[in-house]
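Notes to accompany the following structure.
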Amino acid sequence: MLETRLNFKLLEMCADCGACYNVCPSCLHIEGYDPRAVIRDILAGTHERWLTSKHIWQCLECHHCLEICFQHYGFENAMTALRTLAIKKGITPTQVKKGWDMFAKSGRLGEPSPMRKRLGLPEPPGSAKEEFLKLHSLYRESRLPRKGKV
Amino acid sequence: MKEFALFWGCTIPARFPFLEKSTRLVMDNLGLPMRDVEGFTCCPEKSLVNNVDHGMWTLTAARNVAVADEMGLDLVSPCTGCISNLSTVKGELRANPNRTDEVNTLLKQVGREFKGRAKLTHLVPFFHDEVGLDRIKNRIKRNFSGMKVVVHYGCHMMRPYHAIKTDDPLNPKKFDNLVRALGAETLEPSTKLMCCGQALDRVDQHDVALHLARIKLLELKTIGADALVLCCPSCFLQFDNNQNLMEKDGEKFGIPVLYFTELLGLAMGLKPDELGLKSHRVDVGPFIEKWEALVQKTRIEEDIDEELNKEAFG
Ligand code: SF4
Ligand code: SF4
């Protein structure tokens, strides 16, 4: 299943390379964050254990690996694929679940603060909530692929 | 200059309205043709939305770009995340006409069409490239000569480069140029380009988020930075809010965090209160006081010079 999402040829290079360990903030500063261990398991088809690991959520999506990578690929793709898989199995961090629910309900992550008025800021422009909700339901009925190939 | 739409995103109006305020104030001061536009939703945020549903992420971003496309306006945002997300989707769709057709089939049913014509720019490269350093310098009442700051770009101001293309993704310069144009010295800590780490707070790993913030703050303290200057609400949350939380627990950093628009506003002669600096969690006072003291010092030096001149030349 991960084969359809990830480019295994490129990941094989990753498993040997590791050049981005020197710029990846999580590799440098978070104990136990080791993308190549994850990638080797993906290649071997034994990645299941990572779905419950906090490490797959520690990729900051800072794109630093992508930019220095000679393949222009990067660890983050492997992490994103596993996160999506984890969510599908219901292993979702509470904050992610909350954020998604708020987004799906309102099209926003937080409403403009009442404080704005006190600061003399103009009325916030409308956010097209109805249109967003309609689009979301059209999408759910559609066949637009939910997962991108990365 | 062509009219442009401001894309505020969710976080600034919801959590940091004072950052919206300073952004509006400096844009007014420069007389920029900025417009508020109806109909934008969340950009949407990547780590929350894209991990759950890539299709909905794409569709929502495409719709936002379509809103700007229809009005023939370019977008400028004071949030790095918004620019990175919108640009990434715009790039993906422009490179993939089939996908664009699928997206437009849905968008048409709500009366929209993604064309991908709107230019999407973060406020910092926009000020650097479109407004220009000269025009900005002309509005400065008092510069920051004598002040030492660190610029924190925020990863998504320039990454991914293939989608954003406004600055070098590994060695960006534009933010430094702007801050130096305001007269401040910009320091180069080893953690300069290190990601703020705020994303960890969104995945239930608060302690790890603090750990990453701490690394940078300690280095800034060691090298004697007067402030950290940034232009992203997520980085602001990380360094202002989380620094404050750690200080409440007894750690000491004392690094004031300034949004670029606030720094610029101060240089333009706007008052700290007007800019909402009181709303910061970490006290900005030490930065302002040091800056004020520098004026006093220059004044005294000027007076002495005048006295000496008088004595020497009568
Ligand atoms: S995107 Fe993730 S894996 Fe890549 S450098 Fe940043 S934190 Fe590391
Ligand atoms: S992402 Fe690129 S640079 Fe990093 S280990 Fe893989 S191949 Fe090497």
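The values are calculated or read from the model by the stated rules, or taken from the named source; none is laboratory data. Please read these numbers as outputs of a predicted model, since none were measured by experiment. Note that we place each Cβ from the backbone using ideal geometry, even for glycine, and neighbour counts take in every protein chain shown. With ligands, DNA and RNA removed, areas are computed over all heavy atoms of the protein, side chains included. Shrake-Rupley method; radii C 1.70, N 1.55, O 1.52, S 1.80 Å.
Points worth noting:
- The aspartates and glutamates whose alpha-carbon is closer than 16 Å to the alpha-carbon of A:K129, local same-chain residues fewer than 8 away aside, are A:D101, A:E111, B:E38.
- Which of A:T80, B:T298, A:T4, A:T92 is most accessible, then next, and so on - probe 1.4 Å: A:T4, B:T298, A:T92, A:T80
- For the range A:2-88, the dipole from Cβ point charges (+1 on Lys and Arg, -1 on Asp and Glu) about the Cα centre works out to 220 debye, to the nearest 20.
- Test item: Cα-centred dipole of the protein assembly as shown, Lys/Arg +1 and Asp/Glu -1 on Cβ, debye: 1560
- Accessible area of B:F126 in the full protein assembly, 1.4 Å probe (Å², nearest 10): 10
- Comparing B:L32, B:L73, B:L230 in a Gaussian network model of chain B (Cα springs below 10 Å), the most mobile by mean-square fluctuation is B:L32.
- Using the Cβ-Cβ distance between B:K148 and B:K252 with R0 set to 25 Å, the FRET efficiency works out to roughly 0.85.
- Members of B:K148/B:K278; B:K21/B:K90; B:K221/B:K252 lying beyond 18 Å, as alpha-carbon distances in this model show: B:K148/B:K278; B:K21/B:K90
- Of all accessible heavy-atom area on the range B:141-298, the percent that carbon and sulfur account for (1.4 Å): 52
- Cα-Cα separations in the protein assembly as shown greater than 42 Å, expressed as whole percent: 17
- Shown in residue order for the range A:3-20 are the 3J(HN,Hα) couplings computed by the Karplus curve 6.51 cos²θ - 1.76 cosθ + 1.60 at θ = phi - 60°: 4, 6, 9, 10, 8, 5, 4, 5, 5, 4, 5, 3, 4, 8, 7, x, 4, 7 Hz (x for Gly and Pro).
- Delta accessible area of at least 50 Å² on complex formation, residues of the range B:37-60, 1.4 Å probe, chain isolated as reference: B:T41, B:K46, B:L48, B:N51, B:V52, B:D53, B:H54, B:M56
- Dipole-positive endmost among B:G269, B:V49, B:S84 within the protein assembly as shown (Cβ charges, Cα centre): B:V49
- Taking all protein chains together and a 1.4 Å probe, the residues B:Y161, A:Y73 rank B:Y161, A:Y73 from largest to smallest accessible area.
- Per residue solvent-accessible surface (Å²) - the protein assembly as shown, probe of 1.4 Å: 42
- Carbon and sulfur %, accessible surface of the range B:4-123 computed with the full protein complex present, 1.4 Å: 45
- Interface of A with B. Using a 1.4 Å probe and counting protein heavy atoms only, the two chains hide about 5300 Å² of accessible surface, both sides summed.
- Straight-distance crosslink candidates among lysines, where the alpha carbon sits under 24 Å from A:K54 and sequence neighbours closer than 8 are dropped: A:K88, A:K89, A:K97, A:K98, A:K147, A:K149, B:K46, B:K216
- For B:R139, the solvent-accessible surface with a 1.4 Å probe is about 110 Å², rounded to the nearest 10.
- Candidate residues A:F8, B:F114: accessible-area rank, largest first, probe 1.4 Å: A:F8, B:F114
- By the Cβ distance rule (another cysteine Cβ under 4.7 Å), the unpaired cysteines of the protein assembly as shown are A:C14, A:C17, A:C59, A:C69, B:C10, B:C42, B:C231.
- With every protein chain in place, the range A:99-143: carbon and sulfur % of accessible area (1.4 Å): 54
- Accessible-area value, A:R140, 1.4 Å probe, nucleic acids and ligands omitted, Å²: 140
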